[in-house]
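Following: one structure in structure tokens, then a few remarks.
Nothing in this text is a laboratory measurement; each read-out follows from the coordinates by a stated rule. Remember, predicted model here, so these are calculated numbers, not experimental data. Neighbour counts are summed over all protein chains in view; Cβ atoms, including those assigned to glycine, are modelled from backbone coordinates with ideal geometry.
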């Protein structure tokens, strides 16, 4: 295949390949950027594979960074852009089911491509747009399917994370996983337990935000991968039901975790523990809890002013998204209008401070905090106007 019109990112990187080739080495664009260009999708990172060894690359370019030199990867800096450039390599055994024990640099493109995960990711492209397809990746792209390179049993035994990458690509690309690859995933599903949860989390979230999460989740169910995800125990029925509803991707990780929390029927403390197992950030955990509470309420009725305020303007659309996926009516317009109509959007908008209360004679201590909290809620609910004098008068009735 010859690609006539290359994305600008490739055009900018052409001089890098030309410099390597003029020195007598081979160099190709590889990986997801080639795949996505053929699919007509926007590309993100341009990666290069070459027959030149790292020291030879460093000799050819003035500015390089050793990003993974033990594995043959050097970042070439050219006109403000970095290009990860990796020497063709073959790999040894993978005793940790994730990374090769050691790599051997080689001069053969075929040797390099045959160690890759899937045929659609084992495509290479010359700087002139000619696609090199040694493992029928183009046919798999045309047929919209995911197939392991070579023996799928070997590929997943080498690197168990590849199984999560398979279900992620099924979602992102809306592709089927071919039967032999799916069978090998089922045979090796237990190895996912040996992968760092942070790695699994990345792939799971990409699955949820992909084109058709339904495909990815169904593949996890078929292969039993779900059993080796933290906190997914005994949730096969919930995941099956969720897969039926997830026909399009969610907006982000907060929506994904909130969906799982509600689908699994987790309470506040259980959700906290679930998110700890997945090692989410504290901010994400806070957002998920707020969204889950609001989405649960939206399942039966619109949110009142206090519920809207507690959820927060930035999280209410996510709560509505989650509730709609779970079967609630879409209240997006109504919620947007209700948020705009709130007297205040955050605590600091209250027209009275603790200092004002102390000047009015309220003693410092727990009672002062309770009065401020009550006034905040009353302002939100429209009981009292957000006016300093009105709030001072109301505070006197509470003191």
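With contacts taken as Cα pairs under 8 Å and at least 6 residues apart, region 348-398 reaches a relative contact order of 43 percent. Exposure proxy ranking for 85, 209, based on other Cβ atoms within 10 angstrom of each Cβ and starting from the fewest, stands as 209, 85. Nearest-5 percent of antiparallel DSSP beta bridges in the chain? About 80 percent, rounded to the nearest 5. Divide the volume of the convex hull around the Cα atoms of region 1-143 by the residue count and you get 112 Å³ per residue. The angle separating the long axis of helix 282-298 from the principal Cα axis of greatest extent in the chain is about 60 degrees. Shape descriptor for region 145-248: Rg over Rh equals 0.93 (Cα atoms; Rh from the Kirkwood inverse mean 1/r).
Region 120-160 and region 283-326 have Cα centres spaced 42 Å apart. Full extension of the chain between residue 12 and residue 360 yields a length gain of 118.6 nm, computed as 0.36 nm times the residue separation minus the alpha carbon distance.
Distance between the pseudo-spin-label points of residue 330 and residue 233 (7 Å out from Cα toward the beta carbon): 3.9 nm. For region 145-248, the relative contact order is 31 percent, taking Cα pairs closer than 8 Å that sit 6 or more residues apart in sequence and dividing their mean separation by the residue count. Between residue 374 and residue 59, the modelled labels are 8.1 nm apart [label points 7 Å from Cα along Cα→Cβ]. Taking the longest Cα principal axis of the chain as reference, the axis of helix 161-173 is set at about 70 degrees. The length gained on full extension between residue 198 and residue 186, counted as 0.36 nm times the residue separation minus their Cα-Cα distance, comes to 2.2 nm. A straight chain from residue 66 to residue 389 at 0.36 nm per residue would run longer than the Cα-Cα distance by 109.8 nm. Legend: ranking of residues 278, 306 from fewest to most surrounding C-beta atoms inside 10 Å; resulting order 306, 278.
Just to confirm the number: angle between the C-alpha axis of helix 253-263 and the first principal axis of the chain, 0 to 90 degrees, nearest 10? Compared with the principal axis, the helix lies near 70 degrees. Take every Cα pair under 8 Å whose residues are at least 6 apart in sequence, average their separation, divide by the length of the chain, and the relative contact order is 9 percent. Derived from the Cα gyration tensor, the three semi-axes of the equivalent ellipsoid of region 348-398 are 16, 11, 10 Å, largest first. Going from the residue with the fewest nearby Cβ atoms within 10 Å to the one with the most, 263, 251, 281 rank 281, 251, 263.
Could you give the C-alpha radius of gyration of region 187-234 expressed as a fraction of 2.2 N^0.38 Å, taking N as the number of residues it contains?
Against the empirical 2.2 N^0.38 Å value, I get 1.09 for region 187-234.
Using the Cβ-Cβ distance between residue 349 and residue 268 with R0 set to 30 Å, the FRET efficiency works out to roughly 0.65. Kirkwood radius for the chain, taken over all pairs of different Cα atoms as the inverse mean of 1/r, rounds to 24.6 Å. Report the percentage of all Cα-Cα pairs in region 250-342 whose separation exceeds 19 Å, rounded to a whole percent. Result for the distance tail: 33 percent.
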